[in-house]
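To keep things clear, I will list the structure first and then write my remarks on it.
Laboratory data are not the source of any read-out in this text; all were calculated from the coordinates shown. These figures come from a predicted structure and were not determined experimentally. Here the Cβ positions follow ideal geometry from the backbone for every residue, glycine too, while neighbour counts run over all protein chains shown.
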Amino acid sequence: MTVHVIVNPLAGRGDGKRLLPQLRSLFRAFPNVEFCSTLAAGDEERLALTAISRGARVILVVGGDGTCSGVANAILAANAPCRLGVFPCGTGNDFAKTLGVADCAPEQIVSLMQNETSVIDVGLADGRYFVNSCGFGFDASVLEASNRVHFLKGDAVYIYSALSQLFSYRGIEVTASGVPEVKGGSMLMVTVSNGRSLGGAFKIAPNASVLDGRLDACFFSDSNVVERVKLFVGAMRGTHIGMPSVSTASIQQLTLTFPSSPLMEMDGELRVAQSRTVELRCVPQVLSVVAAAGALV
């Protein structure tokens, strides 16, 4: 089994780089393991494609959701028989939570490579795959703000950034097609989820499954300050579902239309949509992963 380890040395405020010596030691007994590091944003896709061309059957990411997403896009673009795993050291580590490895020691994750292959759904938005989530409005604004927070790590980054935006964010106008019960209007946020968590601390889609062939869409109508605080607390607990300003739908396909090309969060990375209309859909059972037994739902 040929294993490639792609390291994002900047992940987790440098945790990726600090973890590297331990991983090299763990893999010393493996005959076919190669290590490489990203130097700039987007490098992970190029490195993954190179690894696939050299026969990689497992690519392990040392990093966060964004690096995992880039590698997943490379695997899917190449239609390669390659499994994706992660040593989590990002900010939110939402994908690692889905795989059941967020709290695993590195040696435990190495041992999971011997498990049977698991295959999960992914999302496709604006022509790009995502493994965990895609969000518009408040979600994207919070992520943009979090990139300026350098004095915190982990879940605290997103919580702090969300609180700083909670009372000032103005909302977005959006029209939805594909969800009969939701027409659109002024929204605080729209999220479309494959996994259950967002930003590490928020249980944004508590009923989501990466095995059901569908995505969980959540529409948050814009509201007053009191309601926003309730939504914030509810989203951390996963109890926002059912609140008056929240509408949800299990979807296979969805079209969102905005006044102009929106800023969007995709697996913890910011992107500007190619146009004001964004097509989203679920692509079932296409990505092979290294996961803990019983973790995938």
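In percent, what relative contact order does the chain have, based on Cα pairs under 8 Å that are 6 or more apart in sequence?
Details: 667 pairs, mean separation 63.1, N = 297.
Across the chain, relative contact order equals 21 percent.
Helical runs assigned H by DSSP (4 residues or longer) give the chain a calculated mean residue ellipticity at 222 nm of -9000 deg cm²/dmol, each run adding -39500 (n - 2.57) before division by the residue total.
Are there any chymotrypsin sites (Phe, Trp or Tyr not before Pro) in the stretch 143-200 that are in a DSSP loop and have at most 12 other Cβ atoms within 10 Å? List them by number.
Numbers: sites: PHE151, TYR158, TYR160, PHE167, TYR169; in loops: PHE151, PHE167, TYR169.
When the chymotrypsin sites (Phe, Trp or Tyr not before Pro) of the stretch 143-200 are filtered for loop state and at most 12 Cβ neighbours within 10 Å, PHE151, PHE167 remain.
When the Cα positions of CYS82, CYS134, GLN253 are compared along the charge dipole of the chain, CYS82 comes out farthest toward the positive end, with charges on each C-beta of Lys, Arg, Asp and Glu.
Filter the cross-link list LYS97/LYS203; LYS97/LYS230; LYS17/LYS153; LYS153/LYS230 down to pairs whose alpha-carbon distance in this structure exceeds 21 Å.
Numbers: LYS97/LYS203 11 Å; LYS97/LYS230 25 Å; LYS17/LYS153 15 Å; LYS153/LYS230 25 Å.
Where the Cα-Cα span goes over 21 Å, the pairs concerned are LYS97/LYS230; LYS153/LYS230.
Do any trypsin sites (Lys or Arg not before Pro) in the stretch 167-230 lie in a loop, going by DSSP, with at most 13 other beta-carbon atoms within 10 Å of their beta carbon, and if so which?
Values: sites: ARG170, LYS183, ARG196, LYS203, ARG214, ARG228, LYS230; in loops: ARG170, LYS183, ARG196, LYS203, ARG214.
Hits after loop and neighbour filter: ARG170, LYS183.
Can you tell me what percent of all Cα-Cα pairs in the chain are more than 37 Å apart?
Details: 5229 of 43956 pairs.
Beyond 37 Å sits 12 percent of the P(r) for the chain.
Please work out the Cα center distance from the stretch 29-68 to the stretch 90-154, rounded to the nearest Å. Cα centres, the stretch 29-68 to the stretch 90-154: 16 Å.
When the trypsin sites (Lys or Arg not before Pro) in the stretch 18-55 are filtered for DSSP coil states and for at most 15 other beta-carbon atoms within 10 Å of their beta-carbon, the remaining sites are ARG28, ARG54. Put in order of Cβ neighbour count within 10 Å, fewest first, the listed residues ASP65, ASP43 become ASP43, ASP65. Ranking of THR91, THR248 by neighbouring Cβ atoms within 10 Å, starting from the fewest: THR248, THR91.
Maximal additional length on extending the SER177-ASP212 stretch stands at 10.5 nm, based on 0.36 nm per residue less the C-alpha distance.
Close amide H partners of GLY85, meaning residues 5 or more places away or on another chain with modelled amide H under 5 Å apart, are ILE59, LEU60, VAL61, VAL290. For the stretch 280-297, putting each phi into the Karplus relation 6.51 cos²θ - 1.76 cosθ + 1.60 with θ = phi - 60° gives couplings of 10, 7, 8, 10, x, 6, 10, 10, 7, 9, 9, 9, 6, 4, x, 6, 7, 10 Hz, in residue order, rounded to whole numbers and with x for Gly and Pro. Note on the chain: with a GNM built from Cα contacts shorter than 10 Å, the maximum mean-square fluctuation among VAL122, VAL226, VAL110 falls on VAL226. Note that the stretch 151-161 has calculated 3J(HN,Hα) couplings of 10, 10, 9, x, 4, 4, 4, 6, 4, 4, 5 Hz, one per residue in order, obtained from phi through the Karplus relation 6.51 cos²θ - 1.76 cosθ + 1.60 (θ = phi - 60°); glycine and proline are x.
Each residue of the stretch 34-45 is assigned a 3J(HN,Hα), and the resulting list reads 10, 10, 8, 10, 6, 10, 7, 4, x, 4, 4, 5 Hz, derived from the Karplus form 6.51 cos²θ - 1.76 cosθ + 1.60 (θ = phi - 60°), x at Gly and Pro. Estimate the FRET efficiency between VAL226 and ARG46 by the formula 1/(1 + (r/R0)^6), using the beta-carbon distance for r and 41 Å for R0, to the nearest 0.05. According to the calculation, E is roughly 0.30.
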